[in-house]
Structure formats: C-alpha cells, structure tokens
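Everything on this sheet refers to the single structure shown next.
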Amino acid sequence: MTTAQPRTDLDVQPTPLALLLLGREADPASERGVDCPGDLPSPSDPDLVARARAAKEKLGDKVFVLGHHYQRDEVIQFADVTGDSFKLARDAAARPEAEYIVFCGVHFMAESADILTSDEQKVVLPDLAAGCSMADMATAEQVAECWDVLSEAGVADQVVPVAYMNSSADIKAFTGKHGGTICTSSNARRALEWAFEQGQDPATTKILFLPDQHLGRNTAVRDLGMSLEDCVVYNPHKPNGGLTAEQLRDARMILWRGHCSVHGRFSLESVEDVRARVPGVNVLVHPECKHEVVAAADLVGSTEYIIKTLEAAPRGSKWAIGTELNLVRRLANRFAEEDKEIVFLDRTVCFCSTMNRIDLPHLVWTLESLAEGTLVNRIEVDKETEDFAKLALERMLALP
C-alpha cells in the first residue's frame with residue numbers, strides 16, 4: 001500500500017475504518033472483532049438465567065447494570081435501570097457505591113458513562129464489538145479535517161459545533177474544545193437555539209451538526225423554521241466535503257453525512273403502506289428518520305417521548321412506530337392488555353445489529369468474571385478527552 005503524502009490540497013485519504021473493511025490494513029489495537037479472553041457460555045445453556053442471577057447476587061451493590069431500550073429482553077431482565085443512553089450514564093453517576101457499571105448498550109454509551117462516573121468506578125461493555133455505525137461515521141481525524149476546510153473557506157470563526165449524544169468521546173471532546181455543546185434527540189432544539197446565540201451575529205452564525213444529518217435537518221426545519229436550502233451536507237469522503245466555499249458561506253446548518261442504520265431504513269413508502277394496511281393508525285417516528293418520513297408522520301419524538309406517548313394513548317388506539325424493533329415489540333406486548341395495536345413501521349424486520357451483540361452469554365460471562373475478581377472489557381476514556389467531552393456535556397446540562 002502506498003504511503004499517504006502530506007496533505008496540501010485537502011484531498012481526502014481513505015479512513016482507517018474503510019481500510020479495515022476493504023481488508024487492506026490490520027489494526028491490532030482495534031476493538032472490533034476482539035475475542036473475549038475466556039470462553040463464552042453456550043447460547044443453548046439452559047442455566048444461563050440462573051447463572052446470571054447467581055453472579056449478580058454475589059456481586060451485590062458492587063455492580064450496577066444499565067440496559068438500553070434497544071437491548072434484547074433476555075438482557076433487559078437483568079438491568080437495574082433502563083432508558084436512553086444519556087439517562088443511563090447519569091443513573092450510573094448517581095450510584096457512586098457501585099464499583100462496576102455494566103453497560104448493556106454500545107461503545108459510545110459506555111464512554112459517556114465513564115466520562116460522568118468517578119475514577120473509582122469501572123465501566124464494562126459485555127461485548128467490545130458492540131459499536132454504533134452512526135458514531136463510526138465521524139472520526140476525530142475526519143472532523144479535524146472538516147474544521148480545516150471551514151477555516152480555509154473563512155467561516156470557522158462563525159461555526160459552533162453541536163454533537164449528538166450518539167458520537168464517540170473524541171467527537172464530544174472536539175465539540176467541547178471548539179465552544180460547542182452536546183444534544184440528545186429530546187433537547188436538540190434547545191441546543192441549536194443556544195448554539196446560534198453564541199456567535200457575535202446570530203444571523204451569520206452556523207452550526208456544524210455531528211454525526212446524524214437527519215436529526216440536524218429535522219430539528220432545523222421542523223422546530224426552528226429553516227428551509228432545506230439552509231442546510232448542506234458535508235461528506236467526509238469527498239475533497240472539501242463535496243462543498244464549495246460559497247456553499248459553506250451561505251449555509252446555516254452544515255450537516256455531517258451520517259445516519260442511523262435502523263432509523264434510516266424507514267421510507268415514505270413505509271408510511272404510506274402502513275396507513276393502507278392499518279386504517280386509523282397513528283404514525284410515530286424517531287427524529288433520526290429521514291426528513292420525508294418525519295414530514296409524513298403524525299408525531300415525532302425521542303425514545304422516551306415514544307414510550308410516554310404510548311403510555312398516555314387511549315385504549316383501542318392503533319400505532320405504527322418507527323424505531324428499533326426490540327423496543328417496538330416490547331411496547332406491543334406491554335400494552336396488548338389495553339387493546340393498543342402497536343406495529344413496526346416497516347414490513348421488513350430490522351434490529352440494531354450492534355445493540356444485539358450484547359446477548360445473555362456475554363452478560364453471564366461478564367458478571368461471572370467480575371464476581372471472580374477479574375475485570376474484563378473495561379471502557380476507559382483518557383483524561384484530556386474526558387475533560388473536553390465533559391465540558392461539552394456540562395454546557396448541555398446548563399441549557400434552560
């Protein structure tokens with residue numbers, strides 16, 4: 001493989017992830033595909049539930065298990081708390097007596113928990129290959145190069161970065177270092193309003209939204225009344241992001257070309273199809289869906305909003321939900337006794353493949369290892385990254 005030459009014209013080089021996928025380069029330090037340093041129990045072991053209970057009981061208050069809404073039911077049954085990623089990270093920080101935080105979610109979530117918890121607490125991810133395709137779509141190197149592009153276009157001093165919670169610690173740290181904030185799908189509007197107020201002239205201030213283009217676009221257009229023309233998409237795999245300096249100067253929202261592999265699969269056809277199949281259905285989708293899907297839906301909101309909406313829905317109502325299937329199926333079972341008909345928005349079954357990396361064998365192996373005094377799969381963010389990432393998170397927490 002030829003060695004990349006020093007960048008003189010902002011030509012984009014293949015990313016490390018792309019090289020790994022193409023099989024052109026190995027990364028021995030990568031967590032992807034790393035085998036557990038021990039034998040996992042067989043998925044067919046009939047004693048898995050009993051083993052998990054025994055190990056958790058032996059650990060007692062030393063362990064606190066977090067379960068994201070998208071996890072399998074077999075894992076969720078052992079969670080001390082369930083919720084979205086940021087809620088869980090805060091729940092972990094509120095349990096300082098727990099030496100081990102077992103995060104049943106994906107890598108960026110465990111990083112956030114490590115950032116918010118004390119140095120004495122150890123965050124563990126049962127399977128290190130449980131990543132997030134969206135978070136992986138923005139690397140620190142790519143975002144640093146994007147900032148160079150913005151600087152050469154003469155607009156960097158007008159740009160405030162806003163990073164979605166579904167991003168790596170490196171991206172959160174970049175955001176904190178450059179005066180930006182973090183957002184969740186629940187407070188994205190407040191975060192954008194705050195960001196536009198940070199510039200010397202709010203009319204010329206721009207936002208670099210990372211890494212989910214759909215949440216950024218939907219929030220800007222639906223909630224802040226912008227037009228689609230106010231938004232441009234920065235593609236890290238093209239020179240200068242595929243944008244001209246004029247396009248960057250004219251834009252108000254610079255959206256990173258990233259998306260959720262689950263929410264991005266829903267289409268306008270999905271909405272039209274379910275309305276034809278289920279007369280009187282209410283379509284409720286997550287704001288990570290494409291803009292045309294959000295525009296065609298009846299209601300749009302975060303995972304917590306979806307749950308609360310269904311809790312408050314009248315008996316006998318019908319709902320098509322555009323979010324991850326594990327949660328939709330769990331909600332359908334939960335509200336079946338209230339005659340609430342809850343269906344998945346798409347005809348095609350789609351789980352979050354990386355969330356589903358965390359299964360009962362991995363959880364049993366993790367808990368039994370900890371119970372035996374062996375720390376496994378620790379997620380630890382370095383101090384400098386942690387400090388800048390925490391700065392960005394604190395700005396979010398200070399939002400009105």
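Bear in mind these aren't lab numbers, they're just calculated from the coordinates by the rules spelled out. Given the structure is predicted, the values throughout are model-derived calculations rather than measurements. Quick reminder, even Gly has a Cβ in these numbers, built from the backbone with ideal geometry, and neighbours come from all protein chains shown.
Please give, to one decimal in nm, the separation of the simple spin-label points placed at Glu338 and Asp73, each 7 Å out from Cα toward the Cβ.
For the pair Glu338/Asp73, the computed spacing is 1.8 nm.
With the Cα gyration tensor of region 248-400 giving a ≥ b ≥ c as the square roots of its eigenvalues, does the rule (a/c under 1.5 for rounded; else a/b larger than b/c for prolate; else oblate) give rounded, prolate or oblate?
Oblate, because a/c is 1.5 or more while a/b does not exceed b/c.
What aspartates and glutamates does Lys122 reach when the alpha-carbon gap must be under 12 Å and sequence neighbours fewer than 8 apart in one chain are set aside?
Correct list for Lys122: Glu97, Glu99, Glu111, Asp114, Glu380.
If you keep only loop residues by DSSP, which trypsin sites (Lys or Arg not before Pro) in region 307-400 have at most 12 other Cβ atoms within 10 Å of their Cβ?
Arg315, Arg347
Can you sort His263, His291 so the residue with the fewest Cβ neighbours within 10 Å comes first?
The most exposed by this proxy come first: His291, His263.
Cross-link partners among lysines for Lys340, C-alpha distance below 25 Å, same-chain residues fewer than 8 apart left out?
By straight Cα distance, Lys340 reaches Lys308, Lys318.
Rg (Å, one decimal) plus Dmax (Å, integer) for the alpha carbons of region 46-145?
14.5, 51
How do Ile76, Ile379 rank when sorted from fewest to most other Cβ atoms within 10 Å of their own Cβ?
Ile76, Ile379
In what sequence do Glu111, Glu341, Glu197 fall when counting other Cβ within 10 Å, fewest first?
By the 10 Å Cβ count, ascending, the order reads Glu197, Glu341, Glu111.
I'd like to know which of Ser42, Ser302, Thr205 lies farthest towards the positive end of the charge dipole of the chain, counting +1 on Cβ of Lys and Arg and -1 on Cβ of Asp and Glu.
Ser302
As an exercise, use a Förster radius of 30 Å and the Cβ-Cβ distance of Arg90 and Glu246 to find the FRET efficiency, rounded to the nearest 0.05.
Plugging the Cβ-Cβ distance into 1/(1 + (r/R0)^6) gives 0.10.
Return the tail of the calculated pair distribution for the chain, meaning the percent of Cα-Cα pairs more than 40 Å apart.
Within the chain, distances greater than 40 Å cover 17 percent of Cα pairs.
Quick check: Cα centre of region 53-86 to Cα centre of region 303-347, how many Å?
Cα centroid to Cα centroid, the span is 23 Å.
When the scattering of region 132-278 is computed by the Debye formula from its Cα atoms alone, each counted once and equally, what is log10 I(q)/I(0) at q = 0.10, 0.16, 0.17, 0.19 Å⁻¹?
Values, matching the q order: -0.33, -0.80, -0.90, -1.12.
List the chymotrypsin sites (Phe, Trp or Tyr not before Pro) within region 276-378 that DSSP assigns to loop and that have no more than 15 neighbouring Cβ atoms inside 10 Å.
Qualifying residues, ordered by number: Phe351.
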